[in-house]
Amino acid sequence: MAMESQIAETLLGSPGDMARLHKRVVRVGAVAGWFCATLFILVGLITGDSSYYLDAVGPILAGTLMSVQVLLHRENAGVALLGAAVIVTLSFLLIGDETTLLAASLGVVIIASIGMLFIQSRHLMLTIGLSAVMFVIPLFWGVPVSEAIPLGSVMAVSFGLTAAIFFAVRNAATTLNRRFQVLFEHSPTAVLELDWTDSLNYTRSEFSGRPERIRGFLGAYPDIVRKAASLVKVVRANQAAIDLLNARDPEMVLGSVDEDTLPQEWVDGYTEVLINLFQGERFLDFEFRAVTFNGGSKWLNARCVNVATAGEADGVLVALADTTHLKAKEDAMNELIRSKDEFVASISHELRTPLTAVVGLTSEMISGGLGGAERDELIELVASQAQEMSHIIDDLLVAARSEMGTVAVALNEVDLGAELQAAVEGVGIYLEEIPTELPTAIGDGPRIRQILRNLLTNLERYGGAHRRVIGGANRGRVWLEIRDDGSGVSDDDAARIFEPYASAHTGISSSVGLGLSVARRLAELMGGSLTYFRDEGESVFRLELASAEESLFV
């Protein structure tokens, strides 16, 4: 029963599995034939008995038949075994005697029965025909009729029963195989089956040290790793795997990849599996970045299990799952953590600067000895620094309340020109051009001033030498553009400068990373918008709000 289970397990595969099985049987048969022939010849040489040379003829013929199949890469175990049975029959006719009759009869029955296991068509007709042949073989050998009929009957019945048992086992295996194929082919999970035999053998030929040291060895010799990876063969792949890897057809996935064209990302993934197999492990779970067949890149989670027999690696199943979206979320979370760490450092720096000035100036005033004018100047400086801290805290409050959805704005008619002038004076920035008159807008005056203050502070820190503000009205909207001739930010950074804690400039001296995010959020809460773009060599922040002249609030 154990033998039947093993045979059934062996047959549970695709046509590629059967091809490998035929190849193994034929090659083992070829080795066995030549081994027996060599043994007979050596015994003949040692004993001087020439009859052993005749005994070697049969194994030589069998070994030759199977070797020819191997050389032609046309291994067929059924043809090879039935051919071997014919050779045994002819060999006994030429050199057999009564002492080898039983062995020859048993050998013919066993070899032919096993051969029938690999016959794919007309199995019943061939079984009946060969049973009849088995019945007459003893007569063909010249055995007396009184002995030939019982022996032939036993051979025919034994062959028929054995072939029937093997046929039943193969049918059961075929049924299971169909179920397996359905599960494999139609599984929503991407699954590959890989043959690591050549890769593992090559690695063993290059490294004979202890298995636990294989990782260090492969790390020191990348050429060996790439060569070993190129020897991996994809035996089969289901449709989900083909789609996941963006292949046009299965042929793109199957087989091996040339060493020079194998992407390094796949080499890195293969290395983990190779180390695992070399150390004798059967299960592995890891993540790697893979290049797909259309040139794209995906993060894949690979769960591998070696389902081959002990010591082999020709049946490694790999289930692949696309984790690109999870990796993106992980990267975004890491970026958020990094940004918040920088935010803490930046906010500490920005608060420390005005706070240090306030502490120093107030200490100077407390110490006395200052004239009235000097004291008034210090008080003015303390007030300006305190105002700077107030602005920073305002941004922090808006950011916090925005995440909770509790930021409130009051919509009223606002003199946009007056708010711009107040923001310019508050920041203390010089502008080459500033509009003298602007249309009345709908919004929250202090919030609009907060937006403009943040935009002007950003301009002061990072803007070019030439800075200006222009504005106007169009189709019920009031707009204001803050422009400078600086280098601006890259396209990638332009997409994220309005995100919380993000900044296109690094270092402790950079902004907290909340100003632009707060400004856009406030603009949107007032029914407006805040955008960034490049225009004829200038960086432009454009604020748009509803016009009071065409608003329902008028």
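The values are calculated or read from the model by the stated rules, or taken from the named source; none is laboratory data. Since the model is a prediction, treat every value here as computed from it, not as a measurement. Neighbour counts run over all protein chains shown; Cβ positions are idealised from the backbone, glycine included. We work out accessible area using only protein heavy atoms, side chains counted, and drop any ligands, DNA or RNA first. Shrake-Rupley method; radii C 1.70, N 1.55, O 1.52, S 1.80 Å.
Has the range 56-73 got at least one residue that is open to solvent by less than 30 Å² (accessible area, probe 1.4 Å), within 16 Å of Met155 (Cα to Cα) and either modelled with pLDDT of 85 or more or part of a helix (DSSP H, G or I) (or both)? Within the range 56-73, not a single residue is open to solvent by less than 30 Å² (accessible area, probe 1.4 Å), within 16 Å of Met155 (Cα to Cα) and either modelled with pLDDT of 85 or more or part of a helix (DSSP H, G or I) (or both). Quick one: which of Arg477, Arg449 is modelled with pLDDT of 85 or more, surrounded by fewer than 18 Cβ atoms within 10 Å (Cβ to Cβ) and over 22 Å from Glu538 (Cα atoms)? Answer to the selection: Arg477.
The residues listed here are Glu388, Glu377, Glu403; of these, the one that is modelled with pLDDT under 65, assigned to a helix (DSSP H, G or I) and open to solvent by 80 Å² or more (accessible area, probe 1.4 Å) is Glu403. None of Phe288, Phe278 is open to solvent by less than 60 Å² (accessible area, probe 1.4 Å) and in contact with a strand residue (DSSP E or B) (Cβ under 9 Å, 6 or more places away or on another chain) except Phe288.
Scoring Val143 on the criteria (1) open to solvent by less than 70 Å² (accessible area, probe 1.4 Å); (2) modelled with pLDDT under 85 leaves a single failure, condition (2).
If you check Ser187 against the conditions, is it free of Cβ contacts under 8 Å to residues at least 40 places away in the same chain and not in a helix (DSSP H, G or I)? Taking the combined requirement at face value, the residue does not satisfy it. Per the listing Thr162, Thr100, the residue uniquely of a type in the set (S, T, N, Q), within 20 Å of His22 (Cα to Cα) and either part of a helix (DSSP H, G or I) or in contact (Cβ under 8 Å) with a residue 24 or more places away in the chain (or both) is Thr162.
Filtered by the rule that a residue be over 47 Å from the mean Cα position of the chain (by Cα) and open to solvent by 70 Å² or more (accessible area, probe 1.4 Å), the range 104-130 gives Leu106, Ile110, Leu124, Met125, Ile128. It is to be established whether one or more residues within the range 253-261 are crowded, with 16+ Cβ neighbours inside 10 Å and either on the phi > 0 side of the Ramachandran plot or among the polar types (S, T, N, Q) (or both). The answer is yes; a qualifying residue exists.
Beta carbons closer than 7 Å, at least 6 apart along the sequence or on distinct chains, pair a first residue in the range 393-419 that is closer than 26 Å to Gly471 by Cβ with a second that is at pLDDT 70 or above and loosely packed, with under 13 Cβ neighbours inside 10 Å for Gly417/Glu437.
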